[in-house]
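The values are calculated or read from the model by the stated rules, or taken from the named source; none is laboratory data. Values in this document were obtained by computation on a predicted structure and should not be read as measured data. Cβ atoms come from the backbone with ideal geometry, glycine included; neighbour counts cover every protein chain shown.
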Amino acid sequence: MNRLRLVFILLILGGGLGFLFIPAAVPPDSVFLPIMPPSRADAWNAPAEDHCGLRVVRAYPHDPEAFTQGLFYEGGNLYEGTGLYGKSSLRRLDLVSGRIVRIRRLSPAFFGEGVTSCRNRIIQLTWRERVGFVYDLQTFRLLGRFPREGEGWGITCDGRRLIVSDGTDRLQLLDPDTYRPVGSLSVRDREGRSVARLNELEFVEGEIFANIWQSDRVARICPKTGRVAGWIHLPELERGPAGEEPNGIAYDARGKRLFITGKLWPHVYEVILTPLVGPPRTKETGGAAP
Ligand SMILES: [Ca+2]
């Protein structure tokens, strides 16, 4: 075999082997799709039905002495507001261990209520003290306080406005810089009946989630009309001694994870919404304070 012939054969062989390693055509849209378990991808993707259930995908430790009044997720941490006179606080939690990373205690004169973050600040309501507190998100330094009309229960932020509940069927909308009311939403179900006792709030993929005080239900509310688009019914979960309602709802918008806990509950549950199995439950829960 002369040299030229040998080179020719090697070229043919090389070309053939190279062909084997040409990657198969991949649709461009699928190349960078994140690989995540279905539970994560579907966490916020509520079924279209009027009523849906929840399935727990993971349970994390939660301080069983925390009288949860509000919960939100920001930058890899959970933040919690707790209530009761003499025990109210603002906390940053390590999600996985439940450890309190930072805590700021309120004066015993204040009963802490809902908490949310907005523009690198934390806003915390008080129940009947007619004042809201504003803190630096990182340091928890008190930046200011603002006057409030009526009671303060839950609070969340849709990016443009603060949304506040006060135990009635009305959600107040506040300017996130001045904390002054700029509007309100009257919450009605599909039959037009008012939905009162709106409590802890969370803005989730364009809807306001609101648990109903002393019940096992979470309403999914349209932020434009106030109409309830659907109900989430909680399954049996390990709760605190009084079996109280889910007063802590938080959403990790980037990771699309939904978390639920409650007053004195031993766990924070990561949950996904599921079609409801069986008829909707109407179980009422206990509780002396919102
Ligand atoms: Ca919340």
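Worth a mention:
- So Arg104, is it assigned to a strand (DSSP E or B) and basic (Lys, Arg): yes
- Listed by position, the strands (runs of 3 or more DSSP E) enclosed by region 134-249 that each have at least 3 residues that are surrounded by 17 or more Cβ atoms within 10 Å (Cβ to Cβ) are 155-157, 162-165, 170-174, 198-204, 207-212, 217-221, 228-233.
- Residue check, Arg130 basic (Lys, Arg), surrounded by fewer than 16 Cβ atoms within 10 Å (Cβ to Cβ) and more than 16 Å from the ligand (Cβ to nearest atom): yes
- Within region 267-281, the residues that satisfy the criterion of being touching a residue at least 12 places away in the same chain (Cβ under 8 Å) and surrounded by fewer than 19 Cβ atoms within 10 Å (Cβ to Cβ) are Thr274, Pro275, Val277, Pro280, Arg281.
- Some residue of region 101-119 being farther than 17 Å from Arg141 by Cα and either among the β-branched types (Val, Ile, Thr) or in contact with a His (Cβ under 7 Å, 6 or more places away or on another chain) (or both): no
- Subset tally (residues that are among the aromatic types (Phe, Trp, Tyr) and at positive phi) for region 62-97: 0
- When residues in region 96-122 are screened for being buried (at least 20 other Cβ atoms within 10 Å of the Cβ) and either farther than 26 Å from Leu171 by Cβ or within 16 Å of the ligand (Cβ to nearest atom) (or both), 7 of them pass.
- Criterion applied to Leu71, Leu54, Leu125 was being surrounded by 12 or more Cβ atoms within 10 Å (Cβ to Cβ), within 16 Å of the ligand (Cβ to nearest atom), of a type outside the set (Gly, Ala, Ser) and modelled with pLDDT under 95, and the one residue passing it is Leu54.
- Candidate set: region 193-222, residues that are touching a strand residue (DSSP E or B) at 6+ places or on another chain (Cβ under 9 Å) and of a type in the set (Gly, Ala, Ser); chosen: the one nearest to the ligand (Cβ to nearest atom): Ala210
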